[in-house]
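The values are calculated or read from the model by the stated rules, or taken from the named source; none is laboratory data. All figures in this text were calculated on a predicted structure; none of them were measured in a lab. With ideal geometry, Cβ positions are generated from the backbone for all residues, glycine too; neighbour counts draw on all protein chains shown.
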Amino acid sequence: MKVILTTCFGIEDVVAKELTEKSKSSKVIELRKGRVIVDVKRLKPIFSLRSIHHVIKLLSIFKFDGLEDISRKISSLDFSNEIKDCEAFRITCERAGVHNFTSLDLQRIAGEIIVKKYRKKVDLKNFDTEIRVDVIDDVCYVGIQLTRESLHKRGYRVFEHPAALKPTLAYGMLRISDLRKRDSLLDPMCGGATIPIEAALSIKPRKIFASDRNQRYIEGAKLNAEKAGVADTIIFNVKDCKDMSWVGTVDKIVTNPPFGVRIGRGRKFLRRLYFNFLDACKEVVEDKICLLSLKSSLFKYILKKHGGFKIVHERIVSHGNIHPKLFVLEKAE
């Protein structure tokens, strides 16, 4: 069976790697924007992947020229086997790129086709079958969604940090940093502790440290860790990121610094934050740093001015509706 695994844009390679580790009979066919197309023999292992959002049984992929062309091509597809036993269905659409139509337009035309052709009713809440019609740039993906709820919703987030990372992206950062079981890990701006918790649940490094200067965030992070069942594996502390001396040394630092957007602070705040962060890292990190920055030019400027680290990898990822740069750093000397 061919399926589409959806994920955060920019970590598709992480999905492919995790898939080959957990489902050796599966074959990766293609990586696309926020999607990995795979051939699977068994579905069960797929639902344990920590890097994906949804699993969609693939029915068709096609290029299109406008909304009418999409309508014609969907009309030609056979949904009879997929919806023969369902009483109600819904259409879900995800759209990215520049188009002269909206996601609601896609849902409307696809829904009208199914109602007219198969005499099924639409129910947005109490549905049996969810049909996905996604448009990414000039490509349309049509399939049956096999996940009722996104797999990034882990269930441990009882405290919601105002700028929380999706657990899928946090896991992706850990994998891109090449975190291993033998390593120690620090997140010095941990917020609600998504990165440390994902590390504890998946890679299980030998030591995990998590700190934040906001005591309320640390209290919330501890609640999340307790809910996830990993509170005893993470050492928490209320500390500013410019003071990391309390951990001694660590192999990896993986963190999501403030972007300066949600907190309403500008370049001056970020310059000071980045420089102080790099200064503190220089004293404790042994191997790699992995972080996100929405102001990548500013971060590179501060990095060059600081001189203590070099970029060994960078890529753009999606974090909600914004697209920060992910950087991996090593010591310059």
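Of everything in the stretch 93-107, what is without any contact (Cβ under 8 Å) to a residue 60 or more places away in the chain and not in a loop (DSSP other than H, G, I, E, B)? Give them in sequence order.
95, 103, 104, 105, 106, 107
Within the stretch 40-62, work out how many residues are touching a helix residue (DSSP H, G or I) at 6+ places or on another chain (Cβ under 9 Å) and touching a residue at least 60 places away in the same chain (Cβ under 8 Å).
10
Given the conditions (1) free of Cβ contacts under 8 Å to residues at least 12 places away in the same chain; (2) more than 23 Å from the chain's Cα centre (by Cα); (3) farther than 22 Å from residue 212 by Cβ, report the number of the one that residue 321 does not fulfil.
Condition (2) is where residue 321 drops out.
Going by the conditions given, is residue 253 more than 23 Å from residue 12 (Cβ to Cβ), of a type outside the set (D, E, K, R) and in the same structural domain as residue 174 (by TED's automatic domain parsing)?
yes
Tell me which residues, restricted to the stretch 35-62, are hydrophobic (A, V, I, L, M, F, W, C), over 21 Å from residue 77 (Cα atoms) and surrounded by fewer than 22 Cβ atoms within 10 Å (Cβ to Cβ). Steps first, answer last, please.
Within the stretch 35-62, the first condition is being hydrophobic (A, V, I, L, M, F, W, C), and the residues that meet it are 36-38, 40, 43, 46-47, 49, 52, 55-56, 58-59, 61-62.
Subset that is over 21 Å from residue 77 (Cα atoms): 36, 40, 43, 46-47, 49, 52.
Residues satisfying the conditions are 40, 43, 46, 47.
Residue check: is residue 112 in a loop (DSSP other than H, G, I, E, B) and charged (D, E, K, R)?
Working: in a loop (DSSP other than H, G, I, E, B): no; charged (D, E, K, R): yes.
Considered against the rule, which asks whether it is in a loop (DSSP other than H, G, I, E, B) and charged (D, E, K, R), residue 112 comes out as no.
Give, as residue ranges, the strands (runs of 3 or more DSSP E) completely inside the stretch 183-302 that count at least 1 residues that are within 26 Å of residue 323 (Cα to Cα) and out of contact with any Phe, Trp or Tyr (no Cβ under 7 Å at 6 or more places or on another chain).
184-187, 207-212, 250-255, 285-293
Just a yes or no: is a residue in the stretch 244-261 touching a residue at least 60 places away in the same chain (Cβ under 8 Å) and over 20 Å from residue 196 (Cα atoms)?
There is at least one residue in the stretch 244-261 that is touching a residue at least 60 places away in the same chain (Cβ under 8 Å) and over 20 Å from residue 196 (Cα atoms).
If a residue must be among the hydroxyl-bearing types (Ser, Thr, Tyr), under 20 Å from residue 184 (Cα atoms) and under 25 Å from the mean Cα position of the chain (by Cα), how many such residues does the stretch 213-262 contain?
Count: 2.
If I filter the stretch 55-77 for residues that are within 21 Å of the chain's Cα centre (by Cα) and within 15 Å of residue 18 (Cβ to Cβ), do I get at least one hit?
Taking every residue of the stretch 55-77 in turn, at least one turns out to be within 21 Å of the chain's Cα centre (by Cα) and within 15 Å of residue 18 (Cβ to Cβ).
Being surrounded by 23 or more Cβ atoms within 10 Å (Cβ to Cβ) and of a type in the set (S, T, N, Q) is the filter; apply it to the stretch 197-254 and report the residue that is farthest from residue 286 (Cα to Cα).
The qualifying residue farthest from residue 286 (Cα to Cα) is 224.
Checking residue 163 against (1) modelled with pLDDT under 95; (2) among the hydrophobic types (A, V, I, L, M, F, W, C); (3) surrounded by 24 or more Cβ atoms within 10 Å (Cβ to Cβ): exactly one of these is not met. Which one?
It is condition (3) that residue 163 fails.
Which one of these does residue 151 not meet: (1) out of contact with any Ser or Thr (no Cβ under 8 Å at 6 or more places or on another chain); (2) under 30 Å from residue 322 (Cβ atoms)?
(1)
For the stretch 133-155, what are the residues that are outside any loop (DSSP other than H, G, I, E, B) and out of contact with any Phe, Trp or Tyr (no Cβ under 7 Å at 6 or more places or on another chain)? Steps first, answer last, please.
Initial filter on the stretch 133-155 (outside any loop (DSSP other than H, G, I, E, B)): 133-136, 139-145.
Once the filter is applied, which keeps residues that are outside any loop (DSSP other than H, G, I, E, B) and out of contact with any Phe, Trp or Tyr (no Cβ under 7 Å at 6 or more places or on another chain), the stretch 133-155 yields 133, 135, 136, 139, 141, 142, 143, 144, 145.
Could you please tell me which pairs satisfy a Cβ distance under 6 Å, a separation of 6+ or placement on different chains, a first residue in the stretch 205-218 that is farther than 17 Å from residue 242 by Cα, and a second residue that is assigned to a strand (DSSP E or B) and among the aliphatic types (A, V, I, L, M)?
These pairs meet every condition: 205/185; 208/185; 208/234.
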